[in-house]
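K.L.:
What follows is a single structure, and I will ask about it in a moment.
Each reported figure results from applying straightforward, stated rules to the coordinates on display, with no laboratory input. It should be emphasised that the depicted structure is a prediction, and the values quoted were computed from it without experimental measurement. We place every Cβ from the backbone using ideal geometry, glycine too, and count neighbours over all the protein chains shown.
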Amino acid sequence: VQLQASGGGLMQPGGSRRLSCAASGIIFSSSTMGWFRQAPGKEREMIASISARGSTSYADSVKGRFTISRDNAKYTLYLQMNSLKPEDTAVYYCGAWYSSTWSWGQGTLVTVSS
């Protein structure tokens with residue numbers, strides 16, 4: 001499984017950004033995918049997931065602000081982030097549920113600061 005997240009950077013509070021994740025080595029259309037993040041000094045946490053059929057779920061901390069989506073033809077996972085807050089600062093990873101466990105690739109750093 002190879003997963004490469006991109007799209008991070010420095011953003012102002014209240015801003016928006018879309019993260020992307022290119023996947024390979026899996027049957028993407030059949031895979032449950034997720035976005036995770038790890039803030040400094042904290043454990044990695046799942047913030048959004050999307051099933052193969054498109055059902056989504058979100059952590060309370062991002063519900064109503066973030067949207068997860070997928071393009072099966074492009075083997076790409078997205079995370080639209082709106083109304084960003086300083087507490088959203090973290091390294092963001094995409095994950096694939098594969099062989100009964102989550103696999104992650106390289107993350108992308110999101111920094112929200114004025």
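K.L.:
Checking Gly54 against (1) of a type outside the set (Phe, Trp, Tyr); (2) surrounded by fewer than 14 Cβ atoms within 10 Å (Cβ to Cβ); (3) within 17 Å of Gln12 (Cα to Cα): exactly one of these is not met. Which one?
P.N.:
All conditions are met except number (3).
Yes/no matrix, rows are residues, columns are (1) at positive phi; (2) free of Cβ contacts under 8 Å to residues at least 12 places away in the same chain; (3) not polar (S, T, N, Q):
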site: Gly9; (1), (2), (3): yes, no, yes
site: Gln12; (1), (2), (3): no, no, no
site: Phe28; (1), (2), (3): no, no, yes
site: Thr32; (1), (2), (3): no, no, no
site: Glu43; (1), (2), (3): no, yes, yes
site: Ser51; (1), (2), (3): no, no, no
site: Ser55; (1), (2), (3): no, yes, no
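K.L.:
A follow-up question, please. Go through Leu19, Leu109 for me and flag whichever is surrounded by fewer than 15 Cβ atoms within 10 Å (Cβ to Cβ) and under 12 Å from the mean Cα position of the chain (by Cα). Before the answer, list the steps.
P.N.:
On the way: Leu19 fails: surrounded by fewer than 15 Cβ atoms within 10 Å (Cβ to Cβ).
That would be Leu109, the only listed residue that is surrounded by fewer than 15 Cβ atoms within 10 Å (Cβ to Cβ) and under 12 Å from the mean Cα position of the chain (by Cα).
K.L.:
Let me ask you something else. Just name the residue that is surrounded by the fewest Cβ atoms within 10 Å (Cβ to Cβ) out of those in segment 64-97 that are aliphatic (A, V, I, L, M) and within 17 Å of Val112 (Cβ to Cβ). Give the derivation first.
P.N.:
Quick first cut of segment 64-97, residues aliphatic (A, V, I, L, M) only: 68, 73, 77, 79, 81, 84, 90-91, 96.
Right, trim to within 17 Å of Val112 (Cβ to Cβ) and you get 79, 81, 84, 90-91.
Numbers: Leu79: 26, Met81: 26, Leu84: 21, Ala90: 22, Val91: 18.
This residue is Val91.
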